[in-house]
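First up is the structure itself, then whatever we jot down about it.
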Amino acid sequence: ESAVLWAIRMPRVLQTALVGGSLAIAGAALQGVFRNPLADPGVIGVSAGASLGAIASIGFGMTIFGRFTTPVIAFVAGVVTTFIVFSLSRHNGRTEVVTLILTGVAINAIAGALVGLVITIADDAALRSISFWSLGSVAGASWKSVGAMAPFAFLGFILLPKWGGALNLFVLGERDARHLGVDTERIRVGVLLVTAAVVGCAVA
């Protein structure tokens, strides 16, 4: 009973809490940045990018990092996708919210198309693995996976609330927030980077 509790159940519980908490706090921060209660991490492409990376690693049978290949590639792909969205939406040293959203929508569509392409050319065994991965599960959680995710989750838990006051002022509009002493561009970049790392790890 002790082995079942500590070796199987407890890692699953902690992994679930870390994933849920990471997605929740990242979503709340992005809602502040975009001044929209419907915003979620998918807006900046991190979820679609991470999914594309994971599905590509399964579909092409990659084993670069052993059993951690899929999570590692998913994490890297999620962060890279967010960087692409951010780079394409940046103009004259600034990032406008509307441009960021539209760029994210476009990149999400491209990632979705590439996922469809991988699924089309994958074999039956890979398709089965892709289907199970897409449904999501913490059945394979272990203390190693909990330890791998914890630093990224706590990065979000510590940094994002510190920007809470500034994000509340974002609701007034960027111009008013700047007049009240908020460095809106720095806060936006910081939130995007942290949420990319947190959500990329959660999806992975």
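Overall, the accessible surface of the range 84-204 at a probe of 1.4 angstrom is composed of carbon and sulfur to the extent of 67 percent. Taking all Cα pairs closer than 8 Å and separated by 6 or more residues, the relative contact order of the chain comes to 37 percent. In nm, give the distance between the simple-model label positions of D176 and L127, each being 7 Å from the Cα along the Cα-to-Cβ direction. Here the answer is 5.4 nm between the modelled labels.
Measuring spread by the Cα atoms of the range 6-110 yields a radius of gyration and Dmax of 15.9, 53 Å. For the chain, the mean residue ellipticity at 222 nm estimated from helices alone is -24500 deg cm²/dmol, where every DSSP H run of n ≥ 4 contributes -39500 (n - 2.57) and the total is divided by all residues, rounded to the nearest 500. Rounded to the nearest 20 debye, the dipole size of the chain about its Cα centre is 280 debye, using +1 on the Cβ of Lys and Arg and -1 on the Cβ of Asp and Glu.
Backbone N atoms of the range 180-204 closer than 16 Å to the 7 Å Cα→Cβ label point of N36 belong to residues 192.
Sorting L100, L135, L172 by solvent-accessible area of protein heavy atoms yields L135, L172, L100, largest first, with a 1.4 Å probe.
Once you have a ≥ b ≥ c as the square roots of the Cα gyration tensor eigenvalues for the range 95-165, tell me rounded if a/c is under 1.5, and otherwise prolate or oblate according to whether a/b is larger than b/c. It comes out oblate by the Cα gyration axes.
In a DSSP loop and with at most 16 other Cβ atoms within 10 Å, the chymotrypsin sites (Phe, Trp or Tyr not before Pro) in the range 1-100 are F60, F65.
Largest accessible area first, the listed residues S142, S57, S87, S137 line up as S137, S87, S142, S57 when surface is computed with a 1.4 Å probe on the assembled protein chains. All distinct Cα pairs of the range 67-108 go into the 1/r average, and the inverse of that average, the Kirkwood radius, is 11.2 Å. Note on E185 and A24: the model spin-label points, each 7 Å out from Cα along the C-beta direction, lie 3.5 nm apart. I need the Debye-formula profile for the range 160-204: one equal scatterer per C-alpha, no solvent, reported as log10 I(q)/I(0) at q = 0.18, 0.24, 0.27 1/Å, two decimals. Reported log10 I(q)/I(0), two decimals: -0.54, -0.79, -0.91.
Restricting the range 1-66 to trypsin sites (Lys or Arg not before Pro) that sit in a DSSP loop and have at most 16 other Cβ atoms within 10 Å of their own Cβ leaves R35. Per q in 0.10, 0.11 1/Å, what log10 I(q)/I(0) does a Debye calculation on the alpha-carbon atoms of the chain return? So the normalised log intensities work out to -0.46, -0.55.
For the pair S137 and L5, the difference between a 0.36 nm per residue extended length and the Cα-Cα distance amounts to 45.7 nm. Could you tell me the calculated FRET efficiency between K162 and V105, based on Cβ-Cβ distance and R0 = 30 angstrom, to the nearest 0.05? For R0 = 30 Å, the calculated efficiency reads 0.55. For the chain, the per residue solvent-accessible surface stands at 53 Å², with DNA, RNA and ligands left out and a 1.4 Å probe. Computed from Cα atoms, the angle from the helix 69-89 axis to the main principal axis of the chain rounds to 20 degrees.
The distance between label points at T63 and V76 comes to 1.8 nm (points 7 Å beyond Cα on the Cα→Cβ vector).
Across the options V79, A177, L100, the greatest Cα extent toward the positive end of the charge dipole of the chain (unit charges at beta carbon of Lys, Arg, Asp, Glu) belongs to A177.
The values are calculated or read from the model by the stated rules, or taken from the named source; none is laboratory data. Here the structure is a predicted model, which is why all the values come from computation and not from measurement. A quick note on method: Cβ atoms are made from the backbone with ideal geometry, for glycine too, and the neighbour counts reach across all protein chains shown. Accessible surface is based on the protein model in full, side chains and every heavy atom, while ligands, DNA and RNA are left aside. Shrake-Rupley method; radii C 1.70, N 1.55, O 1.52, S 1.80 Å.
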